[in-house]
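Pasting in a structure now, in structure tokens, and then I'll have a few things to ask.
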Amino acid sequence: VGGIIQALPGTVSAGAVGGLLVKSIAKTALAEASTLGLSGNAVTKFVAEKVKEQTIKIAAAASAAEGAQTAGSIAEQARQGGKEWSDYVAPALAAGLGTAAIGIVSGGISRKLGIGDIETDIATRSAGIRGTGIGAQTLLKRVPAEMLKEGVLEEMPQSYQEQVFSNIALDRDTFEGTSEAAAKGLILGAGMGGGHALISG
């Protein structure tokens, strides 16, 4: 529970970055709808469809923001540990890129399988658009599917590689604490994914 509370601000802020892209897409779609002479519910539906077509880019933007947070966190941790910039810049950047890449891949898998995605849901809701980033299955299938996606496919590998690069930045044993980090990531991701699946529908 404590881990989820700590992770929420980062998750929300990553989704908010995706939300900036959503607003840009929606603005362009509104102008296009006006050109086509659409009005009322037709405009809302048109904009929502245009946003849905760009979910890959939206999720990538949110994942990139999450990767930047990871890189910054490891860099700050190493700086406070007395390390020089040259010691930690490469592992911090590598961890950030790894986190972003894992987020993009897991997001792509979830879209293909119709599984919900927290960051995409936050991004689209922040722009006033609902229904994107929510699992298409029934509740009994949606909850375990999203727990699997957020836990096994995303948070577990992210946490593992973040611990590896953190160890490198701090000049510790490369694999120190990686099993524990992966286990915590699995539980944290499953909790967040299951919770999102419950409330998003």
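How many residues, within the stretch 88-114, are of a type in the set (D, E, K, R) and on the phi > 0 side of the Ramachandran plot?
Residues meeting the conditions: 0.
Moving on. I'd like to verify a number: residues in the stretch 115-140 that are within 16 Å of the chain's Cα centre (by Cα) and on the phi > 0 side of the Ramachandran plot, how many?
Number of matching residues: 1.
I need a count of the residues in the stretch 91-102 that are under 17 Å from the mean Cα position of the chain (by Cα) and either at pLDDT below 95 or among the aliphatic types (A, V, I, L, M) (or both).
5
Shifting gears a bit: Could you count how many residues in the stretch 1-38 are open to solvent by 60 Å² or more (accessible area, probe 1.4 Å), at pLDDT 90 or above and polar (S, T, N, Q)?
Total meeting the criteria: 4.
Scanning the stretch 102-120 for residues that are among the charged types (D, E, K, R) and closer than 14 Å to GLU53 by Cα, which turns out most open to solvent (accessible area, probe 1.4 Å)?
Only one residue tops the list, namely LYS112.
Now for a different question. Quick check: is even one residue across the stretch 132-143 in a helix (DSSP H, G or I), surrounded by 22 or more Cβ atoms within 10 Å (Cβ to Cβ) and in contact (Cβ under 8 Å) with a residue 24 or more places away in the chain?
yes
Can you name the number of the only condition in (1) assigned to a helix (DSSP H, G or I); (2) under 26 Å from GLN163 (Cα atoms); (3) not small (Gly, Ala, Ser) that LYS45 fails?
(2) is the only condition that LYS45 fails.
Of everything in the stretch 116-130, what is outside any helix (DSSP H, G or I) and touching a His at 6+ places or on another chain (Cβ under 9 Å)? Give them in sequence order.
Of everything in the stretch 116-130, those that are outside any helix (DSSP H, G or I) and touching a His at 6+ places or on another chain (Cβ under 9 Å) turn out to be GLY116, ASP117.
Restricting to the stretch 39-53, what's the tally of residues that are out of contact with any Asp or Glu (no Cβ under 8 Å at 6 or more places or on another chain) and either open to solvent by less than 50 Å² (accessible area, probe 1.4 Å) or β-branched (Val, Ile, Thr) (or both)?
6
The values are calculated or read from the model by the stated rules, or taken from the named source; none is laboratory data. Owing to the predicted nature of the structure, the values given are computational and were not obtained by experimental measurement. Glycine also receives a Cβ, built like all others from the backbone with ideal geometry; neighbour counts cover every protein chain displayed. The protein model used for the area step is the full one, side chains on, heavy atoms only, and it has no ligands, DNA or RNA in it. Shrake-Rupley method; radii C 1.70, N 1.55, O 1.52, S 1.80 Å.
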